[in-house]
Amino acid sequence: YVIDAVPERDDLGCQQLITSTAHFEEVRSLLDRTLSLMGLSASAKNCADLLNELKGLSGRLSMRLASVAAKSPGTGNVGSELIALALVRGQCRKASDEDSCWLDLNRGFFVPLDDVRDLVPVPEWIDDENEQEGASAGVTAARADLLYVEIPKTRGRISLRFVEVKYRRHLSQARSPDLADRIADQVAVTRQRWLDCFFDEKVSTTERTLRAARLGRVLRFYAEKARRHNLRE
(Lines give C-alpha, C1' and ligand atoms only; values in the text may rest on other atoms or scores of the structure.)
Protein backbone atom coordinates (compact mmCIF):
# COMPACT_ATOMS: atom_id res chain seq x y z
CA TYR A 1 0.00 0.00 0.00
CA VAL A 2 1.34 3.44 -0.82
CA ILE A 3 1.35 5.28 2.51
CA ASP A 4 3.50 8.29 1.73
CA ALA A 5 4.26 10.59 -1.19
CA VAL A 6 6.55 13.59 -0.80
CA PRO A 7 6.15 16.44 -3.31
CA GLU A 8 9.34 17.62 -4.97
CA ARG A 9 11.73 17.74 -2.04
CA ASP A 10 14.92 19.22 -3.45
CA ASP A 11 17.12 17.14 -1.17
CA LEU A 12 15.52 13.93 -2.52
CA GLY A 13 15.75 14.89 -6.18
CA CYS A 14 12.28 13.74 -7.28
CA GLN A 15 8.89 12.72 -5.98
CA GLN A 16 9.29 9.82 -3.56
CA LEU A 17 6.80 7.00 -3.09
CA ILE A 18 7.39 4.89 0.00
CA THR A 19 5.56 1.58 0.18
CA SER A 20 4.88 -0.78 3.04
CA THR A 21 2.53 -3.56 4.00
CA ALA A 22 0.37 -3.00 7.07
CA HIS A 23 0.53 -5.38 10.00
CA PHE A 24 -1.46 -3.87 12.83
CA GLU A 25 0.12 -5.91 15.64
CA GLU A 26 3.51 -4.50 14.68
CA VAL A 27 2.11 -0.98 14.81
CA ARG A 28 0.55 -1.66 18.18
CA SER A 29 3.85 -2.94 19.57
CA LEU A 30 5.52 0.28 18.41
CA LEU A 31 2.93 2.40 20.20
CA ASP A 32 2.60 0.28 23.33
CA ARG A 33 5.69 1.46 25.19
CA THR A 34 5.28 5.12 24.22
CA LEU A 35 1.63 5.21 25.26
CA SER A 36 2.50 3.52 28.56
CA LEU A 37 5.13 6.17 29.28
CA MET A 38 2.50 8.84 28.53
CA GLY A 39 -0.02 7.19 30.86
CA LEU A 40 -2.41 6.43 27.98
CA SER A 41 -4.18 3.24 27.05
CA ALA A 42 -2.60 1.14 24.30
CA SER A 43 -5.91 -0.42 23.28
CA ALA A 44 -6.38 -1.55 19.69
CA LYS A 45 -8.85 1.31 19.08
CA ASN A 46 -6.49 3.96 20.45
CA CYS A 47 -3.59 2.66 18.37
CA ALA A 48 -5.69 2.59 15.21
CA ASP A 49 -7.03 6.11 15.83
CA LEU A 50 -3.58 7.53 16.53
CA LEU A 51 -2.08 5.90 13.46
CA ASN A 52 -4.89 7.23 11.26
CA GLU A 53 -4.39 10.76 12.64
CA LEU A 54 -0.64 10.59 11.97
CA LYS A 55 -1.27 9.35 8.43
CA GLY A 56 -3.70 12.22 7.97
CA LEU A 57 -0.79 14.57 8.67
CA SER A 58 1.92 12.61 6.89
CA GLY A 59 2.71 8.99 6.16
CA ARG A 60 6.33 9.86 6.91
CA LEU A 61 5.42 10.71 10.51
CA SER A 62 3.74 7.34 11.01
CA MET A 63 6.88 5.61 9.75
CA ARG A 64 9.04 7.57 12.16
CA LEU A 65 7.48 5.53 14.97
CA ALA A 66 9.41 2.53 13.71
CA SER A 67 12.72 4.40 13.57
CA VAL A 68 12.13 5.78 17.07
CA ALA A 69 11.45 2.29 18.42
CA ALA A 70 14.70 1.01 16.90
CA LYS A 71 16.79 3.61 18.70
CA SER A 72 17.86 3.79 22.31
CA PRO A 73 15.29 4.27 25.12
CA GLY A 74 16.41 7.89 25.47
CA THR A 75 14.58 8.78 22.26
CA GLY A 76 11.16 8.02 23.80
CA ASN A 77 10.28 11.70 23.93
CA VAL A 78 10.33 11.80 20.10
CA GLY A 79 7.66 9.09 20.05
CA SER A 80 5.64 11.04 22.61
CA GLU A 81 5.72 14.15 20.46
CA LEU A 82 4.54 12.14 17.45
CA ILE A 83 1.59 10.98 19.54
CA ALA A 84 1.02 14.59 20.59
CA LEU A 85 0.87 15.62 16.92
CA ALA A 86 -1.75 12.93 16.31
CA LEU A 87 -3.80 14.12 19.30
CA VAL A 88 -3.62 17.73 18.09
CA ARG A 89 -4.90 16.74 14.65
CA GLY A 90 -7.72 14.75 16.28
CA GLN A 91 -8.82 17.81 18.24
CA CYS A 92 -8.59 20.06 15.18
CA ARG A 93 -10.63 17.57 13.16
CA LYS A 94 -13.49 18.02 15.67
CA ALA A 95 -13.17 21.82 15.82
CA SER A 96 -15.78 24.23 14.51
CA ASP A 97 -15.71 27.79 13.18
CA GLU A 98 -16.55 29.12 16.64
CA ASP A 99 -13.69 27.32 18.39
CA SER A 100 -11.12 29.90 19.49
CA CYS A 101 -8.38 27.39 20.36
CA TRP A 102 -8.25 24.54 17.84
CA LEU A 103 -7.76 25.03 14.10
CA ASP A 104 -10.71 23.94 11.95
CA LEU A 105 -9.71 21.22 9.46
CA ASN A 106 -12.98 21.68 7.57
CA ARG A 107 -11.75 25.09 6.36
CA GLY A 108 -8.00 24.60 6.40
CA PHE A 109 -5.24 22.02 6.24
CA PHE A 110 -1.82 21.25 7.70
CA VAL A 111 1.50 21.11 5.89
CA PRO A 112 4.11 19.19 7.96
CA LEU A 113 7.18 21.36 7.53
CA ASP A 114 9.62 18.49 8.03
CA ASP A 115 8.16 16.82 4.91
CA VAL A 116 9.15 19.70 2.62
CA ARG A 117 12.10 21.12 4.49
CA ASP A 118 13.23 23.67 1.91
CA LEU A 119 9.98 25.63 2.37
CA VAL A 120 11.65 27.02 5.49
CA PRO A 121 15.33 27.05 4.48
CA VAL A 122 17.99 26.51 7.11
CA PRO A 123 20.67 29.21 7.47
CA GLU A 124 23.98 28.04 6.04
CA TRP A 125 25.73 28.10 9.42
CA ILE A 126 23.40 25.39 10.79
CA ASP A 127 24.28 21.83 9.85
CA ASP A 128 21.67 19.10 9.27
CA GLU A 129 22.23 17.39 12.61
CA ASN A 130 21.65 20.54 14.64
CA GLU A 131 18.66 21.42 12.47
CA GLN A 132 17.11 18.04 13.23
CA GLU A 133 17.77 18.09 16.95
CA GLY A 134 17.10 21.79 17.46
CA ALA A 135 18.45 21.89 20.99
CA SER A 136 22.11 21.66 19.97
CA ALA A 137 22.04 24.88 17.98
CA GLY A 138 19.39 26.64 20.04
CA VAL A 139 15.91 27.78 19.05
CA THR A 140 17.20 29.47 15.88
CA ALA A 141 17.99 26.04 14.42
CA ALA A 142 14.56 24.52 14.84
CA ARG A 143 11.53 24.99 12.61
CA ALA A 144 7.90 24.79 13.75
CA ASP A 145 6.13 21.46 13.25
CA LEU A 146 3.20 22.51 11.07
CA LEU A 147 1.95 25.18 8.74
CA TYR A 148 -1.82 25.69 8.94
CA VAL A 149 -3.35 27.06 5.74
CA GLU A 150 -6.82 28.50 6.30
CA ILE A 151 -9.25 29.12 3.48
CA PRO A 152 -11.22 32.39 3.85
CA LYS A 153 -14.99 32.17 4.34
CA THR A 154 -15.43 34.69 1.53
CA ARG A 155 -13.15 35.79 -1.26
CA GLY A 156 -9.81 37.05 0.00
CA ARG A 157 -6.33 36.00 0.98
CA ILE A 158 -5.56 32.69 2.59
CA SER A 159 -4.25 32.79 6.15
CA LEU A 160 -1.04 31.03 7.19
CA ARG A 161 -0.18 30.09 10.77
CA PHE A 162 2.84 28.27 12.11
CA VAL A 163 2.18 25.65 14.78
CA GLU A 164 4.62 24.07 17.23
CA VAL A 165 3.56 21.04 19.29
CA LYS A 166 5.29 20.09 22.53
CA TYR A 167 4.56 17.17 24.82
CA ARG A 168 4.94 17.36 28.61
CA ARG A 169 3.43 14.69 30.80
CA HIS A 170 3.00 16.85 33.91
CA LEU A 171 0.69 19.86 33.90
CA SER A 172 3.17 22.00 35.83
CA GLN A 173 5.75 21.48 33.07
CA ALA A 174 3.20 22.23 30.35
CA ARG A 175 2.34 25.52 32.08
CA SER A 176 5.98 26.60 32.38
CA PRO A 177 6.49 30.20 31.19
CA ASP A 178 9.91 29.17 29.84
CA LEU A 179 8.27 26.53 27.63
CA ALA A 180 5.71 29.03 26.33
CA ASP A 181 8.49 31.54 25.56
CA ARG A 182 10.51 28.86 23.76
CA ILE A 183 7.52 27.92 21.61
CA ALA A 184 6.83 31.58 20.78
CA ASP A 185 10.48 32.13 19.83
CA GLN A 186 10.56 28.99 17.68
CA VAL A 187 7.40 30.00 15.79
CA ALA A 188 8.65 33.57 15.35
CA VAL A 189 11.98 32.38 13.94
CA THR A 190 10.19 30.03 11.53
CA ARG A 191 7.94 32.87 10.37
CA GLN A 192 10.93 35.15 9.77
CA ARG A 193 12.75 32.47 7.77
CA TRP A 194 9.58 32.00 5.71
CA LEU A 195 9.34 35.73 4.99
CA ASP A 196 13.03 35.84 4.06
CA CYS A 197 12.53 32.96 1.63
CA PHE A 198 9.46 34.22 -0.22
CA PHE A 199 9.40 38.00 0.25
CA ASP A 200 13.00 39.17 0.69
CA GLU A 201 13.52 42.08 -1.73
CA LYS A 202 17.24 41.23 -1.92
CA VAL A 203 16.27 38.08 -3.84
CA SER A 204 15.70 38.60 -7.55
CA THR A 205 12.14 38.80 -8.86
CA THR A 206 12.71 35.72 -11.01
CA GLU A 207 13.89 33.67 -8.05
CA ARG A 208 10.95 34.82 -5.88
CA THR A 209 8.55 33.88 -8.69
CA LEU A 210 10.04 30.39 -8.97
CA ARG A 211 9.84 29.90 -5.20
CA ALA A 212 6.22 31.09 -5.15
CA ALA A 213 5.30 28.68 -7.96
CA ARG A 214 6.89 25.82 -6.05
CA LEU A 215 5.02 26.84 -2.89
CA GLY A 216 1.78 26.82 -4.88
CA ARG A 217 2.41 23.25 -6.05
CA VAL A 218 3.16 22.08 -2.52
CA LEU A 219 0.04 23.74 -1.09
CA ARG A 220 -2.09 22.18 -3.83
CA PHE A 221 -0.60 18.75 -3.01
CA TYR A 222 -1.58 19.02 0.68
CA ALA A 223 -4.95 20.64 -0.11
CA GLU A 224 -5.85 17.65 -2.30
CA LYS A 225 -4.72 15.30 0.45
CA ALA A 226 -6.84 17.21 3.00
CA ARG A 227 -9.85 17.03 0.68
CA ARG A 228 -9.63 13.23 0.93
CA HIS A 229 -9.87 13.54 4.71
CA ASN A 230 -11.75 16.56 6.08
CA LEU A 231 -11.49 19.67 3.94
CA ARG A 232 -14.81 20.86 2.54
CA GLU A 233 -15.10 20.88 -1.24
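Observations
- Here region 144-228 exposes an accessible surface that is 50 percent carbon and sulfur, computed with a 1.4 Å probe and the other protein chains kept in place.
- Accessible surface comparison of Tyr167, Tyr148, probe 1.4 Å, protein chains only, largest first: the order is Tyr167, Tyr148.
- Between region 169-202 and region 45-63, the alpha-carbon center distance in angstrom: 25
- Candidate lysines - alpha carbon under 18 Å from Lys45, same-chain residues fewer than 8 apart omitted: Lys55, Lys94
- Accessible area (Å², 1.4 Å probe, nearest 10) - Phe221: 50
- Rolling a 1.4 Å probe across all protein chains gives Cys197 an accessible area of roughly 10 Å².
The values are calculated or read from the model by the stated rules, or taken from the named source; none is laboratory data. None of these values were measured; they are calculated from a predicted model. Just so you know, the surface numbers come from the protein's heavy atoms only, side chains and all, with ligands and any DNA or RNA stripped out. Shrake-Rupley method; radii C 1.70, N 1.55, O 1.52, S 1.80 Å.
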